[in-house]
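The values are calculated or read from the model by the stated rules, or taken from the named source; none is laboratory data. This one's a predicted model, so the numbers in the text were calculated from it and none came from an experiment. Quick reminder, even Gly has a Cβ in these numbers, built from the backbone with ideal geometry, and neighbours come from all protein chains shown.
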């Protein structure tokens, strides 16, 4: 068996360390040592120059695994964390050290090697990044937005880098920042561009239908299944699947999704024959998944399975430099589309755009310009009417866009107030919201809402 590289294990629990050593040796890795503390690890690193280091976060002595991770980051030695500790503060500190993976205890042998494969692929992507640029497609994502140094240009560069690979991509950002547009651009520049990109809105999938929607079913699998149905993953075979709002998936759905990503196969409901799939996965969310992991609402192993190449979209209020670029792009787009003959935005109107906070982000800017292109009576737009945007639902008076949890909490509270605290039954909040009562109870528990209305 070919040697897959030297690995140093930094773990202070002897049984765990010994198990890791046996697993790794059996798979063809050379375990160059086991260290129970950071001090011992430093000596072994200097002595053996390992290719990879597996680090437990909580270690004996004055230094933690995160301290060692910081040192390895400076030395450009790739490493993965192995730990049972998933609180938010620990995850945030660990993330700053740029690990190539994170494995949660207890784990299966298969989980270890899947995470190592992902880590190796991620390292290869980083190492070959400059080389990849030479071979990427020359298709222009958006010729009007290439301003060196802007956040938009930075995002376009990331799109061009990751598109030719089959790497999983996780796109994060507030609602309206353009996550689906980024996903479409990645697919358009990829080697899979001639095949479909199947979009799945995870937030809109009822728990009872998730399996049949994603994985399909056989004829007669359940009452009403009159014919075989091909799921979204099979529809995306050899193409791309875009899992929008992946942070909204239930824990059960996350387990099923993780299995598909690990095994690269689906089993239709009512069937017993696995169907192999070849799919590039792009996911997006407006949630802070590290926080969701820390609070037990999102699986850490699934997070790292998706987060091989992260792209974070900054809200428009924090990237004012991009507003003129985006505004001119949308002006040209909608002027040509509607044959309106509008050629420019005046300096006064542009100052209005730059001084506004954009709670609806790029989507709000695009809709505003489209509307004013249609209303324009000359060749320029002299001013913008921002009054309708100022009172957008879900926006605080400070201009900050509320999170999805805050919006959902407010909406549920309004329904409870209208139903005088009644949750289930006729006239209850569940009926008003069009939800099963048990689903509403679960949401109330998650959001910390108590029945206080009388």
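Observations on the structure shown:
- Among the residues of region 177-227, the ones that are more than 22 Å from residue 434 (Cα to Cα) and part of a strand (DSSP E or B) come to 5 in all.
- From the list 34, 82, 58, the one residue that fits, being in contact (Cβ under 8 Å) with a residue 24 or more places away in the chain, part of a loop (DSSP other than H, G, I, E, B) and either touching a strand residue (DSSP E or B) at 6+ places or on another chain (Cβ under 6 Å) or surrounded by fewer than 17 Cβ atoms within 10 Å (Cβ to Cβ) (or both), is 58.
- Note on region 37-49: among residues that are more than 23 Å from residue 3 (Cα to Cα) and touching a helix residue (DSSP H, G or I) at 6+ places or on another chain (Cβ under 9 Å), the one that is surrounded by the fewest Cβ atoms within 10 Å (Cβ to Cβ) is 42.
- Residues of region 370-401 satisfying the condition of being at pLDDT 90 or above and either closer than 16 Å to residue 318 by Cβ or in contact with a strand residue (DSSP E or B) (Cβ under 8 Å, 6 or more places away or on another chain) (or both): 372, 373, 379, 380, 381
- Selected residue (only one of 260, 281, 314 is in a loop (DSSP other than H, G, I, E, B), at negative phi, touching a residue at least 24 places away in the same chain (Cβ under 8 Å) and touching a helix residue (DSSP H, G or I) at 6+ places or on another chain (Cβ under 7 Å)): 314
- The residue that is nearest to residue 152 (Cα to Cα), counting only those in region 317-366 that are without any contact (Cβ under 8 Å) to a residue 12 or more places away in the chain and out of contact with any helix residue (DSSP H, G or I) (no Cβ under 9 Å at 6 or more places or on another chain), is 351.
- Filter result (within 32 Å of the chain's Cα centre (by Cα) and free of Cβ contacts under 8 Å to residues at least 24 places away in the same chain) within region 5-16: none
- Breaking point among (1) at pLDDT 85 or above; (2) more than 17 Å from residue 270 (Cα to Cα), for residue 204: (1)
- Residue in region 13-26 that is farther than 17 Å from residue 62 by Cα, in the same structural domain as residue 83 (by TED's automatic domain parsing), surrounded by fewer than 14 Cβ atoms within 10 Å (Cβ to Cβ) and in contact with a helix residue (DSSP H, G or I) (Cβ under 9 Å, 6 or more places away or on another chain) present: yes
- Residue check, residue 322 more than 14 Å from the chain's Cα centre (by Cα), buried (at least 20 other Cβ atoms within 10 Å of the Cβ) and either assigned to a helix (DSSP H, G or I) or not assigned by TED's automatic domain parsing to the domain that holds residue 349 (or both): yes
- Picking from residues in region 175-184 that are in contact with a helix residue (DSSP H, G or I) (Cβ under 8 Å, 6 or more places away or on another chain) and surrounded by 20 or more Cβ atoms within 10 Å (Cβ to Cβ), the one that is farthest from residue 119 (Cα to Cα) is 176.
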